[in-house]
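Okay, so here's the structure we're looking at.
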Amino acid sequence: MTNIFGDFRRLVVAALDDLAAAGTLPAGLDFSRVAVEPPRDPAHGDLATNAAMVLAGPLKQNPMALAERIAAALAGRELVSADYRGSGFTVTAVRPGFLNIRLDPAVWHAQLRAILRAGTAYGNSTIGGGEPVNVEFVSANPTGPLHVGHGRGAVVGDALATLLAKAGFAVHREYYINDAGAQVDVLARSTHLRYREALGETVGAIPEGFYPGEYLVATGQALAECDGDRWLGRPEAEWLAPLREFAVAEMIGLIRADLAALGVGFDAFVSEQALVASGAVDAALAALAERGLIYTGVLEPPKGKLPDDWEPRPQTLFRATRFGDEVDRPLKKSDGSWTYFAADIAYHHDKFRRGFRNLIDVWGADHGGYVKRMQAAVKALSESEAALDVKLTQLVNLFDKGEPVRMSKRAGTFVTLREVIDEVGRDAFRFIMLTRKNDQTLEFDFAKVMEQSKDNPVFYVQYAHARAASVMRHAAEQFAPELLADAALAATPLDRLADPVELALIRLLAGWPRIVESAAEAHEPHRIAFFLQEVAAQFHLLWTKGRDEASLRFLIAADPELTRARLALVRAVALVIASGLAVFGVEPAEEM
């Protein structure tokens, strides 16, 4: 896939290799930090490289002098891709040691052809090399419908997984069902209460500590239809386990329906209860014990005010401090049962044994204190073969016309994800969730999300795609369909696309492969939202300029050759926007 930034970086590295071969530079230099990017100021050129700046320190050389030597080594070289054959460039060394590069317009025209040939596959990369990646996200407790915070984690995880697949990784999406803890016992008791209610009993106010949501009314009714009065008047010891199983299955069904409404699917749902029953916890901790990483000890008291339940007692501990954590971590509770951490160790050990060395977990921000211990456990279990990256998603604050929205009749205490999707639509919700970095709090105002203005990023990007589609529909009145096919537009002469605004838009579109790779490597899908907004802004600018200057309009009846060249650009805009929206799981708008 054509990527001008990657192609030129290879040219820079080849020049550096030649300097090393000639003895001007020492052999064996690390070029991993050498980058080719757009310059901060477009007036400085089309591309810029930091090669001299990052190498000058290790070489103890003047970066400006080194930049001039690299510029001389690049002079006379040709871009190797057949797309650019015959196209030239100039390189200028500028203080304090950057290299600014100007490309012939023909290089940018070649990028436009590459977009039209590739379609929405433009931007696909092979940097992942087919490496397996396990992305675990959502993993909400199976005790009720998903709330908006879960929705943000779902969108971040799903978009990140799609982004990694576009970058060439073999992605596996996974949901971990926490169905072995005390919360599912509370769910079973809450279900039993609603079950009694469904069979005609007056249950009164929901007791403290039970789940109060109206969604459990349907669960109680479903249980009554399934089992009749079988569990009435029976001791808890008889009904707790079967009702727990029934209620968890009902809640997972509810969660799956919420995720389907959001357009999110998984390759696997992994049950904590099944994992524990299989002996996975014992196996994982035995592996740690074999390496001397488990011991019995007494932890130092926590800093600050002591919790009421803290006591200086001997505990079974994991040596987490050996792997970067602040303290060693307990593996057993005072009653002898495993801690949540022990079960999570087993789960990540299971991922590793299934062949995953690249692990990504998307968690809510309230789990921030859990990150280091889990990364320590993964490092210990895999003997540093595997790496865990945890993406924490911050809160979503809901507003309507600036007023906070907090309560839900259905859930009792929170606004459900389904309520928001039903109000604004799946696409708008997904896009807005990715307009901020995952670890930043996000404000979601229903009124603004539905607003048709440039201040609404969803509308602004979708409107750009719809405008492009509208231009192509009008062009169909002037040209035969075969002349508007992507392949035909790629073959049309493009040298008349010479206006600075046109070339700036092409340069921006040509940066899509670089955005895909950098966002995938950083595990930051929100970068794509920023890029799409920039593309939309540049396209709307060109549209406005054409409205004011007749010579820059997309459709000029008296000049079919220029018109088709501009249609190639319009179509490329639509393809790149559609490619980016596909990563987000958002359908591009054809009309608005």
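Inspection of segment 44-52 identifies no residue that is out of contact with any strand residue (DSSP E or B) (no Cβ under 8 Å at 6 or more places or on another chain) and either among the hydrophobic types (A, V, I, L, M, F, W, C) or in contact (Cβ under 8 Å) with a residue 24 or more places away in the chain (or both). Evaluating THR544 against the criteria (1) buried (at least 16 other Cβ atoms within 10 Å of the Cβ); (2) within 35 Å of the chain's Cα centre (by Cα); (3) among the β-branched types (Val, Ile, Thr) leaves one unmet condition, (1). Does segment 83-92 contain at least one residue that is part of a loop (DSSP other than H, G, I, E, B), among the aliphatic types (A, V, I, L, M) and surrounded by 14 or more Cβ atoms within 10 Å (Cβ to Cβ)? Checked segment 83-92: no residue is part of a loop (DSSP other than H, G, I, E, B), among the aliphatic types (A, V, I, L, M) and surrounded by 14 or more Cβ atoms within 10 Å (Cβ to Cβ). Quick check on segment 163-189: of everything there that is outside any strand (DSSP E or B), hydrophobic (A, V, I, L, M, F, W, C) and closer than 30 Å to LEU581 by Cβ, which residue is nearest to the chain's Cα centre (by Cα)? Filtering first and then ranking leaves LEU163. Give me the residue from segment 56-82 that is within 18 Å of TRP108 (Cα to Cα) and either assigned to a helix (DSSP H, G or I) or among the hydroxyl-bearing types (Ser, Thr, Tyr) (or both) and, out of that set, modelled with the highest pLDDT. My answer is SER81.
In segment 233-253, which residues are within 12 Å of ALA140 (Cα to Cα) and surrounded by fewer than 20 Cβ atoms within 10 Å (Cβ to Cβ)? Scanning segment 233-253 gives a single hit, ILE252. Taking the criterion of being more than 9 Å from LEU99 (Cβ to Cβ) and either in contact with a helix residue (DSSP H, G or I) (Cβ under 9 Å, 6 or more places away or on another chain) or in a helix (DSSP H, G or I) (or both), the residues of segment 38-52 that qualify are PRO38, PRO42, ALA43, HIS44, ASP46. For segment 1-26, a tally of residues being more than 28 Å from GLY128 (Cα to Cα) and not in a helix (DSSP H, G or I) returns 5.
Close Cβ contacts (under 7 Å, 6 or more residues apart or on different chains) running from residues in segment 324-344 that are more than 14 Å from VAL371 (Cα to Cα) to residues that are among the aromatic types (Phe, Trp, Tyr) comprise LEU331/PHE318; LEU331/TRP338; LEU331/PHE341; LYS332/TRP338. Here the condition is being of a type in the set (A, V, I, L, M, F, W, C), part of a loop (DSSP other than H, G, I, E, B) and more than 24 Å from LYS448 (Cβ to Cβ); of VAL378, VAL327, VAL371, VAL362, it holds for VAL327 alone.
The values are calculated or read from the model by the stated rules, or taken from the named source; none is laboratory data. It should be emphasised that the depicted structure is a prediction, and the values quoted were computed from it without experimental measurement. Quick reminder, even Gly has a Cβ in these numbers, built from the backbone with ideal geometry, and neighbours come from all protein chains shown.
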